[in-house]
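Trainee: Below you will find the structure I want to go over with you.
The values are calculated or read from the model by the stated rules, or taken from the named source; none is laboratory data. None of the values given here were measured: they were computed from a predicted structure. Cβ placement follows ideal geometry from the backbone for every residue including glycine, while neighbour counts extend to all protein chains displayed.
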């Protein structure tokens, strides 16, 4: 009864709306896409190395495959950087930085390592990229009071990753 | 002063659902009377008018921290602390939408 009354008055007066925000910003932040993208970068480096050592070298198919690997490596390095930037810009607040003062330097390092991975096929750069993003993931889950666990990714290149221990 | 506010968004679900109305009062409390667990409506510089539950009160700095009840809700870690001067009032009457599922 009360509800119908308020609803009727609302039609004429349009009561102000208070957002119990859940939609925008959605609050859905997760470093997993960045971690997977960084793993993809290392995988592409490995595939490129294997291709170079194979017998197809010089053939048209070789160039086609190599070009595709390069394109995917480029795309995923950028994707990982983008995902980290979004969490950094939209989620991380001053209170997080007070607790984790090294985070600013870590994000900067991730940006640079991502660019190194684009510029070279140096696997060490790829491993460092994955490692830095793992460190970021660990801190991210700490800000949410979610425990993390270390486990090997169940697919090539099978590197150790930080996962939320839910 | 008393105001009528309509709720949108899901972050206080299942207690408060979109379409519910709340009556908020500012005269009904002096700021010392705000308690953890109270539902308050406040004005946020980026997100506008919001309704959230008080998670903690910092009486020294005259600010509160808020949270939602939904696991995906944004809270003070994203919104920042809310100054008590930005609080429009606390909920004194909740009029639920009778059409809601539960």
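Trainee: Identify the single condition in (1) under 23 Å from residue A:12 (Cβ atoms); (2) modelled with pLDDT of 85 or more; (3) more than 10 Å from chain A (Cβ to nearest Cβ) that residue B:2 does not satisfy, given that it satisfies every other one.
Mentor: If we test residue B:2 against (1) under 23 Å from residue A:12 (Cβ atoms); (2) modelled with pLDDT of 85 or more; (3) more than 10 Å from chain A (Cβ to nearest Cβ), just (2) comes out false.
Trainee: Scan region A:34-55 residue by residue and report those that are farther than 16 Å from residue A:136 by Cβ and surrounded by 14 or more Cβ atoms within 10 Å (Cβ to Cβ).
Mentor: A:40, A:42, A:43, A:44, A:45, A:46, A:47, A:48, A:51 - these are the residues of region A:34-55 that are farther than 16 Å from residue A:136 by Cβ and surrounded by 14 or more Cβ atoms within 10 Å (Cβ to Cβ).
Trainee: To continue, here is another question. Between A:96, A:63, which is more than 11 Å from chain B (Cβ to nearest Cβ) and part of a helix (DSSP H, G or I)?
Mentor: Unique residue meeting the criteria: A:63.
Trainee: I would also like to ask the following. Run down A:63, A:76 and say which single residue is loosely packed, with under 13 Cβ neighbours inside 10 Å and over 30 Å from residue B:7 (Cα atoms).
Mentor: Within the list A:63, A:76, the selection yields A:63.
Trainee: Report, by residue number, each residue of region A:1-23 that is more than 7 Å from chain B (Cβ to nearest Cβ) and either modelled with pLDDT of 75 or more or within 14 Å of residue B:68 (Cα to Cα) (or both).
Mentor: Selection gives A:4, A:5, A:7, A:8, A:9, A:11, A:12, A:13, A:14.
Trainee: Based on this model, can you work out whether residue A:86 counts as within 15 Å of residue A:30 (Cα to Cα), in contact with a strand residue (DSSP E or B) (Cβ under 9 Å, 6 or more places away or on another chain) and without any contact (Cβ under 8 Å) to a residue 60 or more places away in the chain?
Mentor: Considered against the rule, which asks whether it is within 15 Å of residue A:30 (Cα to Cα), in contact with a strand residue (DSSP E or B) (Cβ under 9 Å, 6 or more places away or on another chain) and without any contact (Cβ under 8 Å) to a residue 60 or more places away in the chain, residue A:86 comes out as no.
Trainee: Next question. Give all pairs with beta carbons closer than 7 Å in which a residue from region B:38-49 that is over 15 Å from residue B:84 (Cβ atoms) meets a residue that is surrounded by fewer than 18 Cβ atoms within 10 Å (Cβ to Cβ); count only pairs at least 6 apart in sequence or on separate chains.
Mentor: Within 7 Å, the pairs are B:49/A:16; B:49/A:17; B:49/B:43.
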